[in-house]
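Engineer: My structure is below; once you've seen it, I'll send some questions.
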Protein chains: 2
Amino acid sequence: MSFKLIEKHRSFGGEQCKYRHYSEVLHCEMTFSLYLPSNKEGKKIPLIWWLSGLTCTDDNFSQKSGFQRLAEKYQAAVMIPDTSPRGEHVADDEAWDLGQGAGFYLNATQEPWAKHYKMYSYITEELTAIASSLVPNFSGAESIMGHSMGGHGALVIGLKNAARFKAISAFAPISSPSQIPWGIKAFAAYLGEDKASWKEWDASELVKEAGMPPILITQGTQDEFYSKHLDETHFLNNARENNVEYNKVEGYDHSYFFIATFLEDHFAFHMKHLR
Amino acid sequence: MSFKLIEKHRSFGGEQCKYRHYSEVLHCEMTFSLYLPSNKEGKKIPLIWWLSGLTCTDDNFSQKSGFQRLAEKYQAAVMIPDTSPRGEHVADDEAWDLGQGAGFYLNATQEPWAKHYKMYSYITEELTAIASSLVPNFSGAESIMGHSMGGHGALVIGLKNAARFKAISAFAPISSPSQIPWGIKAFAAYLGEDKASWKEWDASELVKEAGMPPILITQGTQDEFYSKHLDETHFLNNARENNVEYNKVEGYDHSYFFIATFLEDHFAFHMKHLR
C-alpha cells in the first residue's frame, strides 16, 4: 500500500490533500482527495465519504462545494474518490455516461469492463485501508454521502454495509437505477442483461431490508435530470423502515450551486449520527 | 445597452446569473456573472465588485469561492467581470500573463492592444450602467475586492474612484505593479516604455493621495508568487493615511482554498462600510 501526496492546500484551518497511487484492485493509477480538519484539540475524528456524479473527478467536490468550512466546523475528515478507473489502457466509451467518469460504484462482471471497473471493492476495501492510515486520530466512525450517480453509490455502499456506515445522504440521487435510462445502460454494460444480477446494486432493492442506516435525501425541483433519471417514488415505496427523510427544495437544479446550499444540513445530519 | 441571460442557478436562496453582451467599449462579446441575494425583505441592497486574477474568467470566483453564502447572509449583490476582452479577433499573446485573461484592468494605449484592452472604462462605465439596471433595489453603495491581478484592479479602480467605492479589499494583490515582473511586462506592453504613464495604474502611487477608502489586504505566507510579485513593502510605505489593514495568514497559498477561507472577513469589512 503506497501513495504519493501530490497537492496540499491549507483550507479553513485544515489541509486539503490530493494523492496518487497504483490501485491493485482497479489495475491503474488513481487520484483521490482527502480533507483533514485542524483537530486542534487532538480528539478522535470521524470520516465522511463523498461520491461524485457522472463526468466528475475528485476535484469537483473539493473545488466547488465549499465543504471544507463544514468539515473544519464539525471536525470531520472527508475522503473523495474518483468516479471510475482511469487511463489509456482502461476500457472506455464515447458517451459521457458510460466508462471513464461513470463507474457507478459497482463491480463489473462483463467484458470489456470486468478487469478495471471494480469501484465497489476499491472504495470499501483498498481505499478504506488507505484512509485508515491517513486520518490521524480516526474514531472509526464512518458515514457516506454523494451526488447523482454518487448518490446512487452512497446509497448502495451504505445499505450494503449497514453496520459500518452510521448515516447515508444524497443530493439528487439515482435511487432506482434498474428503472431509469442512465442505470439501465450502465448495468446492462457492466453486469449483463440478466436483471437478477442488478438487484444487489440497486438501492431501491437494498432498502427493503431491515436495520438500515438513517438516510437523508435532498432534491431540487428545477433539476433538469429529475423526471427521466431521479424519480424517488419507487425507492420510497420500497423503503421498509421509516428512516428516510426526503426533502424537495424549490427552484434548485442539479449543479454544485444546489449542493453547496444544502451541504450544511447534510453535515449536521451526519454528525448527529457519527458522534 | 443589451445583454442576454445565459445561465441562472438558485444558490443559497438567491440567484447566480451569467450574461453575454456586446461591449461597445471593448469591441467584442463579453460574459459576466452577477449574484442577486433573495432580498426577502425588499430592502435597498449594495453592490460588491469582484475582480479575478490572471487566467481567470468570471467562473472562477462564482464556482470556487463559496461567496454566495456570504452575499445572501449580508444581502449584497456581487458583480464579477471577465479579466480581459475575448475572441479570435482580439489581440493576444502566447504567454498566460499577457493578453486574453490578463487585461490588468487598465486602458491600453499601445498597439496591438489599444483597440480592445480598455478594461478600466469597461468596468467603471459600461458594466456599471448594466449593473445599475440589473440590481433591483440597488442602494447605490458600492465597494470592490479582488485577487492577485484582480487585487491590483480593485486597488487601482477603488483608489481612482475614491468617492464612489466605500471600501476596497484584496487577496494577495499585485500592489506595486511597476516594480514586479508581471506588472512591468504588462505595463510595458499596454502602456509603453515611458514609466510616467504607469503611475496612474499603480496602486502604490495612487495610495499617496489623501481621502482614500479603507483598505483590507490578506496575504498567505505560503503563496508561491509572493516574493517575486506580491511584496507589500513599497505599497504600505507609500500609503499616506492609516487606513490599510494588512494581514498575513500562516500556511495559506495563492489558491481559491485561501480565498474561500478568508472571504467572510472581507465581506464583513465591506458591509461595515456599505451600510
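The values are calculated or read from the model by the stated rules, or taken from the named source; none is laboratory data. Bear in mind the structure is a predicted one, so any value in this text is a computation, not a measurement. No Cβ is skipped: glycine too gets one built from the backbone with ideal geometry, and neighbour counts run over all protein chains shown. Side chains are part of the model used for accessible areas, which takes the heavy atoms of the whole protein and leaves out ligands, DNA and RNA. Shrake-Rupley method; radii C 1.70, N 1.55, O 1.52, S 1.80 Å.
Engineer: Expressed as a whole number of Å, what is the distance separating the alpha-carbon centroids of the stretch A:1-72 and the stretch B:199-275?
Structural biologist: 30
Engineer: Each residue of the stretch B:117-122 in order: what ³J(HN,Hα) in whole Hz does its phi give by Karplus 6.51 cos²θ - 1.76 cosθ + 1.60, θ = phi - 60°, with x for Gly and Pro?
Structural biologist: 7, 10, 4, 4, 5, 4
Engineer: Hey, another quick one. Please report the carbon-and-sulfur percent of the accessible area for the stretch A:1-69; probe 1.4 Å, protein heavy atoms only, DNA, RNA and ligands left out.
Structural biologist: 47
Engineer: Restricting everything to alpha-carbon atoms, can you work out Rg to Rh for the stretch A:36-163 with a Kirkwood hydrodynamic radius?
Structural biologist: 1.00
Engineer: With θ set to phi - 60°, apply the Karplus curve 6.51 cos²θ - 1.76 cosθ + 1.60 along the stretch B:94-110 and write out the HN-Hα couplings as whole Hz, x wherever there is a Gly or Pro.
Structural biologist: These are the phi-based 3J(HN,Hα) values: 5, 6, 7, 9, 8, x, 5, x, 8, x, 6, 6, 10, 9, 6, 10, 9 Hz.
Engineer: Determine how many Å³ per residue the convex hull of the Cα atoms of the stretch A:97-255 encloses.
Structural biologist: It comes to 118 Å³ per residue, whole-number rounded.
Engineer: Non-local amide H neighbours of B:MET145 (under 5 Å, H modeled in plane, Pro and chain starts lacking H): which ones?
Structural biologist: Hits under the 5 Å cutoff: B:TRP49, B:TRP50, B:LEU51, B:SER169.
Engineer: Please give the per residue accessible area of the protein assembly as shown, computed with a probe of 1.4 Å over protein heavy atoms only, in Å².
Structural biologist: Solvent-accessible surface per residue comes out at 38 Å².
Engineer: Considering all alpha-carbon pairs of chain A, what whole percent are spaced by more than 27 angstrom?
Structural biologist: 33
Engineer: May I pose another question? Quick one: what do you get for the stretch B:70-145 if you divide its Cα Rg by 2.2 N^0.38 Å?
Structural biologist: Expressed relative to 2.2 N^0.38 Å, the Cα Rg reads 1.31.
Engineer: Taking the radius of gyration and the Kirkwood hydrodynamic radius from Cα positions alone, what is the Rg/Rh ratio for the protein assembly as shown, to two decimal places?
Structural biologist: 1.01
Engineer: Pairs of Cα atoms under 8 Å, at least six residues apart: use those to get the relative contact order of chain A, whole percent.
Structural biologist: The value is 17 percent.
Engineer: Tally Lys/Arg at +1 and Asp/Glu at -1 over every other residue whose Cβ is under 9 Å from the Cβ of A:TRP182; what's the total?
Structural biologist: +1
Engineer: Express as a percent, rounded to the nearest 5, the fraction of DSSP beta bridges in the protein assembly as shown (both residues included) that run antiparallel.
Structural biologist: Approximately 45 percent, going by the DSSP bridge assignments.
Engineer: Something else now. Step through the table entries A:LYS18/A:LYS228; B:LYS166/B:LYS208; B:LYS228/B:LYS248, compare each Cα-Cα distance with 28 Å, and write down the pairs that go over it.
Structural biologist: With Cα atoms farther than 28 Å apart: A:LYS18/A:LYS228.
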